[in-house]
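One structure below.
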Amino acid sequence: MGNQKLIRDPQKIEEILSIAKFLRLALSDAETPYIVSMAFGYKDNAIYLHSSREGRKIDVLKRNPRVCFEADIETEVLTDDDPCKYNVRYRSVIGHGQAKFLEDYNEKVEGLTVLSEHYGKKGPFEFEAWKVNRLCVIKIEIEKMTGKESGF
Ligand SMILES: Cc1cc2nc3c(=O)[nH]c(=O)nc-3n(C[C@H](O)[C@H](O)[C@H](O)COP(=O)(O)OP(=O)(O)OC[C@H]3O[C@@H](n4cnc5c(N)ncnc54)[C@H](O)[C@@H]3O)c2cc1C
């Protein structure tokens with residue numbers, strides 16, 4: 001594996017998630033994979049996402065709630081005079097889990113709070129009820145998660 005290595009320390013994996021700005025959410029609809037970038041928040045082994053109630057990802061998730069996600073930080077291409085010696089530096093996380101649409105109003109607010117806090121502001125927040133009701137808040141209960149770093 002060279003200078004690439006798996007990160008096994010859960011705290012280090014959580015640290016990557018706490019820094020990452022977005023994640024890529026991979027969905028599976030019968031034979032066709034589908035992937036979307038999403039803003040997210042992480043707390044207590046769960047990922048929180050928000051979205052409008054319609055669209056392809058929502059349709060796919062309703063048919064198949066099993067998801068995979070990936071997030072990365074500190075990414076950089078390390079160039080060299082010899083292109084065969086180019087390298088990529090990164091820290092990343094890949095996880096698998098089950099997506100659940102939160103229906104309870106307070107749970108939705110809790111999810112939106114985790115998401116909002118991920119981007120630097122400290123709650124509690126005032127969310128307008130009609131906006132909370134209009135939105136989908138998705139909780140991914142993480143079943144498995146690995147970290148990896150390379151180029152450091
Ligand atoms: C950095 C980043 C952060 C984002 N954060 C969020 C978030 O927090 N919540 C959220 O709901 N969305 C977010 N988005 C947008 C998200 O990636 C999707 O575009 C959006 O959620 C609509 O998905 P959908 O499946 O409903 O698309 P639909 O409107 O149903 O898409 C129809 C078709 O349009 C194409 N398409 C859809 N999205 C994209 C795209 N992003 N780029 C290119 N083609 C596309 C696909 O071919 C798709 O089949 C983010 C995007 C980026 C790049």
field: Matching option when the condition is under 14 Å from residue 147 (Cβ atoms) and of a type in the set (A, V, I, L, M), among 6, 25
entry: 6
statement: Picked from the range 1-31 (must be in a strand (DSSP E or B) and near the ligand (Cβ under 10 Å from one of its atoms)), the residue nearest to residue 140 (Cα to Cα) is 25
- prompt: Out of all the residues in the range 54-69, which are near the ligand (Cβ under 10 Å from one of its atoms) and surrounded by 10 or more Cβ atoms within 10 Å (Cβ to Cβ)?
  reply: 55, 56, 57, 58, 59, 60, 61
- prompt: Which ones in the range 19-31 are open to solvent by less than 70 Å² (accessible area, probe 1.4 Å) and out of contact with any strand residue (DSSP E or B) (no Cβ under 7 Å at 6 or more places or on another chain)?
  reply: 29
message: One residue is enough: does the range 127-143 have a residue meeting the conditions in contact with a Leu (Cβ under 8 Å, 6 or more places away or on another chain), among the aromatic types (Phe, Trp, Tyr) and either under 24 Å from residue 61 (Cβ atoms) or at pLDDT below 95 (or both)?
response: yes
query: Considering only residues of the range 127-152 that are outside any strand (DSSP E or B) and either in contact (Cβ under 8 Å) with a residue 40 or more places away in the chain or over 12 Å from residue 50 (Cβ atoms) (or both), which is nearest to the chain's Cα centre (by Cα)?
result: 135
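Residues are listed down the side, and each one gets a yes or a no for (1) in contact with a Ser or Thr (Cβ under 6 Å, 6 or more places away or on another chain); (2) open to solvent by 70 Å² or more (accessible area, probe 1.4 Å); (3) in a helix (DSSP H, G or I):
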position: 33; (1), (2), (3): no, yes, no
position: 71; (1), (2), (3): no, no, no
position: 74; (1), (2), (3): no, yes, no
position: 91; (1), (2), (3): no, no, no
position: 100; (1), (2), (3): no, yes, no
position: 110; (1), (2), (3): no, yes, yes
field: Tally, over the range 76-89, of residues that are among the aliphatic types (A, V, I, L, M) and either touching a helix residue (DSSP H, G or I) at 6+ places or on another chain (Cβ under 9 Å) or open to solvent by 80 Å² or more (accessible area, probe 1.4 Å) (or both)
entry: 2
message: If I go through the range 35-48 residue by residue, how many of them are more than 6 Å from the ligand (Cβ to nearest atom) and either in a strand (DSSP E or B) or over 14 Å from residue 98 (Cα atoms) (or both)?
response: 9
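The values are calculated or read from the model by the stated rules, or taken from the named source; none is laboratory data. Please read these numbers as outputs of a predicted model, since none were measured by experiment. Positions of Cβ are backbone-derived with ideal geometry, glycine not excepted, and every protein chain shown enters the neighbour counts. Note: areas computed on protein heavy atoms with side chains; ligands, DNA, RNA excluded. Shrake-Rupley method; radii C 1.70, N 1.55, O 1.52, S 1.80 Å.
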